[in-house]
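Engineer: Take this structure first; my questions come after.
Throughout, read-outs are computed from the coordinates displayed, never taken from laboratory work. None of these values were measured; they are calculated from a predicted model. Backbone-built Cβ (ideal geometry, glycine too); neighbour counts: all protein chains shown.
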Amino acid sequence: MCGILAVFGCVDCSQAKRARILELSSRLRHRGPDWSGLHSEEDCYLAHQRLAIVDPASGDQPLYNEDKSIIVTVNGEIYNHKALREQLKSHKFNTGSDCEVIAHLYEEYGEDFVHMLDGMFSFVLLDTRNKSYIAARDAIGITPLYIGWGLDGSVWFASEMKALSDDCEQFMAFLPGHIYSSKNGGMRRWYNPPWWSELVPSTPYDPLVLRHAFEKAVVKRLMTDVPFGVLLSGGLDSSLVAAVASRHLIDSEAYCQWGSQLHTFCIGLKGSPDLVAAREVADYLGTRHHEFYFTVQEGIDALEEVIYHIETYDVTTIRASTPMFLMSRKIKSLGVKMVLSGEGSDEIFGGYLYFHKAPNKEEFHEETCRKIKALHLYDCLRANKSTSAWGLEARVPFLDKEFINVAMSIDPKWKMIDRDNGRIEKWVLRNAFDDDEKPYLPKHILYRQKEQFSDGVGYSWIDGLRDHANKQVTDSMLANANFVYPENTPATKEAYYYRKIFEKFFPKNAARLTVPGGPSVACSTAKAVEWDASWSKNLDPSGRAALGVHAAAYEDTK
Amino acid sequence: MCGILAVLGCSDDSQAKRVRVLELSRRLKHRGPDWSGLYQHGDNYLAHQRLAIIDPASGDQPLFNEDETVVVTVNGEIYNHEELRKSLTLTGHKFRTGSDCDVIAHLYEEHGEDFVDMLDGMFSFVLLDTRNNTYIAARDAIGITSLYIGWGLDGSVWISSELKGLNDDCEHFEVFPPGHLYSSKTGGFKRWYNPRWFAETIPSTPYDPLVLRRAFENAVIKRLMTDVPFGVLLSGGLDSSLVASITARYLAGTKAAKQWGAQLHSFCVGLEGSPDLKAAREVADYLGTVHHEFHFTVQDGIDAIEDVIYHIETYDVTTIRASTPMFLMSRKIKSLGVKMVISGEGSDEIFGGYLYFHKAPNKEEFHEETCRKIKALHQYDCLRANKSTSAWGLEARVPFLDKEFINVAMSIDPEAKMINMDEKRIEKWILRRAFDDEEHPYLPKHILYRQKEQFSDGVGYSWIDGLKAHAELHVTDRMMLHAGNIFPHNTPVTKEAYYYRMIFERFFPQNSAKLTVPGGASIACSTAKAIEWDASWSNNLDPSGRAALGVHNAAYKKNTGPVGSVKLAPNIIDNVPRMMDISASELVIQG
């Protein structure tokens, strides 16, 4: 990942302003430790902090078209950049960077090219010929982006809130799948897949089609000039990513440069379920497996930093981000710059345990659509910012545009959980990789139910967080919480504790509005809480016992 | 390098204090990006940010003795750790990690406070003995690693690798003197480093080229100890070229070569077409290293100045000028996956390599000046080399500052070091001569005997001119008029100095902070004392005035007139709209 910051139309173009932009841009330096650049053009500034993954030698940003009249600052990876370069044969490229196509595509097609990009990205483009600019964010919001407005009439864009929150009067999350154009001063959705309308699809389930779509999604993400690995928790999703990556590694460019042994990484408290499960998968696949242990105290010591980095006070996200944040530092220290990760599968396939209670396929499907649309506020935000905090890039093959189209066109009756027919959650995905001849994974792994909601790193992690918060937050603090925090009022001491830290770093009202709230049980949307009357009384965001569907969790609570 | 922070006896063991110590420790995260640790024992806190060079897998800190009663947080490298381990194992000590710094806790157990002199390396550490709640802190002989000490109003003692770890929470703070040990038992400092040369008496050992050569080779070889990729900083001058040559020669047999390949990586930075780039390329070609050239623009450098001053914590003009290219280069080096570099600092001090030494009136004065220069290194080149690289989690090792090597080099009769143009002995002649080997040449003769640029001129003449012009634009005459009132201590005498000082004061506003930076009259890096060598110098006190001395021919020729260059520069860096002509980053790697 990289960090971008752009400011347009500020009244002040002094050295002091330049120094200020440099200072704000350096707040994003963790995202791009390798180099930085600032392009200024009258009252416009485009700043960049670079993590060099493709073409480390010459791809420094900002990037330009041939005559330097178009300037782009990009955070992202464009997986189809070679195919696009082919289409842009008449254009001359200055670098080998995958992101350079953006400037040339704009020259060729104007503002309507964003859908041609296959990848994850946030970018800001300045056209100096008519002093117009555009900004855009990838379909699902895998990369973060914020937009803000200054009192001086300036418009700001930044990869993370911390770069603009102090200087903008108002700001918000830049909507995923949208483009902002200075010509009309507004956002427009460029991402229009068939599933967006939430109409219930009817394509029959074909395991091989799904399998191939996912394999393609993984393979295109092996594009890298630097060492990489896979985050492996030992659950279905990360295990499939690891299995497919290790199978196709040998054909990739990365293989030629970095060797054929896949590196896998797992973190947990000592003896945690994830560590055991991941080790088993790693042994089966023959990967070079790295285990990292953390203690509850180390996790607690990291909380302030985690909240500063991931910019949320959402309880489930913070719980899950902390181990990922700690692991990312260790991974980076090994010289690895990029990891593949399994986010998105639970949303697409209804993998969360509460989906067991979906009343019918229509509700099931609509809930998956809602979950995908909200990903940028939860798992995308976590995966991107926890890793970027240490200059590590996370790629998420489940959120491949093509793959989503395939997976979301399947008649949702196939996704429904049906215990009588032996169909547990994500059965369509498991079945797609159930290959007797050349097994991707052993059957018991392919069909196992794994821990959710950070339980996998060790049960005492969440208990430890709660105990710590209970010591720091008094009853009277919680009693007055709705006066202190009228919006998204924290309902638990843990939530209150996180909120206090968040407010310290991001005191503005606009900041708290970037974080979602509302009732949720075990990661559901507010709407799905209606599925079971008993849930509304027990709104623990990751209550493992609240649902009554996971056998192992049940035993544990006895 | 790593970053250490210790807060001792603060009478506060609350969660809020822990959070504060964690927050302050994070200000040193750039020094140790790989992992962090915090050990708390009552109201004592030892924090650590780790850069893993030796034993990356298990050497996380703080480190302990066997029963965890002695706790240490260390920034440094102990080159003789294997030897020390052997003798400690004989007396029954068991080690938990493979970290080189693990020996410190055990040495303390064995020898009490009097073990620091046994350590060969660069280091700063704090050791807490929980059995009697006492602690010690120490810094290496020359001050290669940075260290500060401070005192809080609550009676606490603070020790930190960088100023920024303690300046906001201490009532008073100072540079921790190099070669010293602080003990809580006495509450005071004691110098543990007592080499012969410290007294500044004139030595008489005759110059023996082979002894000097061997001593330096040993110093380089012991610094090849690493478990991670490394390289050498190569400016193409004598010092860095010798370091590169010896490293290339001895790399093959080392453990490092087995892990990372026998081909040496070398790195050079400069404005495009600068003298250093050319000189370094020539040496790299001769030695056959994998050479990486980084180009920066004057604008890149100016954009980095605030960062540089925040990181290196000084307002000394010469240091800031020289730190900026090193700071930029370090980021690029780190982005290639390299974690450690060997660098040539210290040679000019030991051998009197600065051009003003041409005017040393006699060997006594010459020798005393070299001693003064070595003692001040921690405030200048050590500070620059350590903090410019550590800003990006890169470690710099400096073989010229090897304890043994200094002993050898400083025991030589200074008569041999004196510059004597009649006998064709230019500056650092004894070092050049020591590596003048006809059979197995270390370097081609013309490189071995060439006079190179000094004072950041090597990265390109327009660098310093650009800095001056930039400062000229942002510091008014009226500001200069009142400089003496605003900054009564170390008053800036040039607009450039004023500009740096303003930035420094913003980051480090405390009075203690400005006192950590040296001042006083200087010509071309001399101490104040040496200005007496030439009456004319006192009228022309440019800290790196290349033209002031009249001893370097090349500088004279190229420097067609500083006035001309100053006039040009404002066009480059005048106003923002014009800046697009010099794109913000044009650094390219040529592998």
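Engineer: What distance in nm separates the simple spin-label points at B:N420 and A:D55, each placed 7 Å from Cα in the Cβ direction?
Structural biologist: Once both label points are built, they end up 5.9 nm from each other.
Engineer: What percent of all Cα-Cα pairs in region B:172-299 falls in each 10 Å bin, counting up from 0?
Structural biologist: 11, 27, 24, 25, 12, 1
Engineer: Radius of gyration and Dmax for region A:48-205's Cα atoms, expressed in Å?
Structural biologist: Using the Cα atoms of region A:48-205, the pair Rg, Dmax is 16.3, 55 Å.
Engineer: So what's the back-of-envelope 222 nm ellipticity for chain B, counting only DSSP H runs of four-plus at -39500 (n - 2.57) apiece and dividing by all residues, rounded to 500?
Structural biologist: -10500 deg cm²/dmol
Engineer: What list of ³J(HN,Hα) couplings, whole Hz, do you get for region A:37-49 from phi and the Karplus terms 6.51, -1.76, 1.60, once you set θ to phi - 60° and write x for glycine and proline?
Structural biologist: These are the phi-based 3J(HN,Hα) values: x, 9, 10, 10, 8, 6, 9, 10, 10, 10, 10, 8, 10 Hz.
Engineer: Defining a contact as two alpha carbons under 8 Å apart and six or more residues distant in sequence, what relative contact order in percent does chain B show?
Structural biologist: Across chain B, relative contact order equals 14 percent.
Engineer: A further question follows. Where does each of A:23-34, B:12-23 land if you order them by average Cβ count within 10 Å, highest first?
Structural biologist: Result, highest mean Cβ count within 10 Å first: A:23-34, B:12-23.
Engineer: Then there is this: Under 11 Å from the 7 Å Cα→Cβ point of A:E530, by amide nitrogen: which residues of region A:347-377?
Structural biologist: A:363
Engineer: Further, regarding this structure: Kindly work out what percent of the DSSP beta bridges joining two residues of region A:141-299 are antiparallel, to the nearest 5.
Structural biologist: 60
Engineer: Rg over Rh of region B:303-354, using C-alpha atoms and the Kirkwood radius, what does it come to?
Structural biologist: Dividing the radius of gyration by the Kirkwood radius yields 1.03.
Engineer: Å³ per residue of the Cα convex hull, for region B:388-462?
Structural biologist: In region B:388-462, the Cα hull volume divided by residue count equals 165 Å³.
Engineer: Please report B:T130, A:T312, B:T389 as a ranked list, fewest other C-beta atoms within 10 angstrom at the top and most at the bottom.
Structural biologist: B:T130, A:T312, B:T389
Engineer: To two decimal places, what compactness ratio does region B:326-412 give when its Cα radius of gyration is scaled by 2.2 N^0.38 Å?
Structural biologist: 1.25
Engineer: Over the C-alpha atoms of region B:453-537, what are the Rg and the largest Cα-to-Cα span, Dmax, in Å?
Structural biologist: Expressed in Å, the Cα Rg and Dmax of region B:453-537 come to 14.5, 38.
Engineer: Here's another thing I want to ask about it. Using the alpha carbons of region A:268-362, what is the convex hull volume per residue in cubic angstrom, as a whole number?
Structural biologist: Considering the Cα atoms of region A:268-362, their hull volume per residue is 157 Å³.
Engineer: With Kirkwood's inverse mean 1/r over C-alpha pairs for Rh, give me the Rg to Rh ratio of region A:422-507, two decimals please.
Structural biologist: Checking Rg against Rh, the ratio lands at 1.27.
Engineer: What does the helix-only formula give at 222 nm for chain A: each DSSP H stretch with n ≥ 4 adding -39500 (n - 2.57), the total divided by the residues, and the result rounded to the nearest 500 deg cm²/dmol?
Structural biologist: Helices in chain A give a 222 nm mean residue ellipticity of -10500 deg cm²/dmol.
Engineer: Right, next: Averaged over every viewing direction, what's the projected area of the C-alpha convex hull for region B:250-346? Give it in nm², one decimal, please.
Structural biologist: 7.4
Engineer: Among the helices of chain B (complete DSSP H runs), which have Cα atoms covering no less than 15 Å along the helix axis and a Kyte-Doolittle mean of at least 0.0?
Structural biologist: Long hydrophobic helices here: B:209-222, B:238-250, B:298-312, B:317-335, B:562-573.
Engineer: For chain B, build the charge dipole from Cβ charges (+1 Lys, Arg; -1 Asp, Glu) around the Cα centre, then report which of B:L128, B:G520, B:V290 sits farthest towards its positive end.
Structural biologist: Highest projection toward the positive end goes to B:V290.
Engineer: Using only C-alpha atoms and all pairs of different ones, pull out the Kirkwood radius for region A:130-173 in Å with one decimal.
Structural biologist: Taking the inverse mean of 1/r over all distinct Cα pairs, region A:130-173 comes out at 11.1 Å.
Engineer: In square nanometres, what is one fourth of the surface area of the convex hull spanned by the alpha carbons of chain B?
Structural biologist: Average projection, Cα convex hull of chain B: 26.7 nm².
Engineer: To continue, here is another question. Return the whole-Å distance between the Cα centroid of region A:420-458 and the Cα centroid of region A:171-239.
Structural biologist: If you average the Cα positions of each part, the centres end up 21 Å apart.
Engineer: Compute the relative contact order of region A:178-302 as a whole-number percentage, counting only Cα pairs closer than 8 Å that sit 6 or more residues apart in sequence.
Structural biologist: 20
Engineer: Could you please report the charge total around B:S156, scoring K, R as +1 and D, E as -1 over all other residues with beta-carbon less than 13 angstrom from its beta-carbon?
Structural biologist: Overall, the nearby charge balance is -4.
Engineer: Could I ask something else about it? Taking amide H positions as placed in the peptide plane 1.01 Å from N, state which residues far from B:H172 in sequence (5 or more) or on other chains have amide H under 5 Å from it.
Structural biologist: Under 5 Å from the amide H of B:H172 lie the amide H atoms of B:W151, each far enough along the sequence or on another chain.
Engineer: Ok, one more. In whole angstrom, how far apart do the alpha carbon centroids of region A:58-135 and region B:410-467 sit?
Structural biologist: 50
Engineer: Please give the net charge around A:P490, taking every other residue with its beta carbon less than 10 angstrom from that of A:P490, where Lys and Arg add +1 and Asp and Glu add -1.
Structural biologist: +2
Engineer: Right, another one. If you take all C-alpha pairs in region B:1-135, what percent of them are over 24 Å apart?
Structural biologist: When all Cα pairs of region B:1-135 are counted, 26 percent exceed 24 Å.
Engineer: Here's a follow-up. Please pull out the direction-averaged projected area of region A:180-294, using the convex hull of its alpha-carbon atoms, in nm² to one decimal place.
Structural biologist: 11.8
Engineer: OK, next. When you look at the Cβ of every residue in A:31-38, what mean number of other chain Cβ atoms sits within 10 Å?
Structural biologist: The shielding value for this peptide is 6.
Engineer: Over the Cα atoms of chain A, what radius of gyration and what Dmax do you get, in Å?
Structural biologist: Cα-based Rg and Dmax for chain A come out at 22.9, 71 Å.
Engineer: Once each part is reduced to its C-alpha centroid, what is the distance from region B:155-195 to region B:513-530 in angstrom?
Structural biologist: First find each Cα centre; the distance between them is then 22 Å.
Engineer: What does the charge dipole of region B:197-277 about its Cα centre add up to, to the nearest 20 debye, if the Cβ of each Lys and Arg holds +1 and the Cβ of each Asp and Glu holds -1?
Structural biologist: Charge dipole, region B:197-277, about its Cα centre: 460 debye, nearest 20.
Engineer: Suppose every Lys and Arg Cβ carries +1 and every Asp and Glu Cβ carries -1, with no other charges. What dipole size does the protein assembly as shown come out with about its Cα centre, to the nearest 20 debye?
Structural biologist: Charge dipole of the protein assembly as shown: 340 debye, to the nearest 20.
Engineer: Restricted to Cα positions, what overall size does the protein assembly as shown have along the principal axes? Three whole-Å values, descending.
Structural biologist: 99, 73, 62
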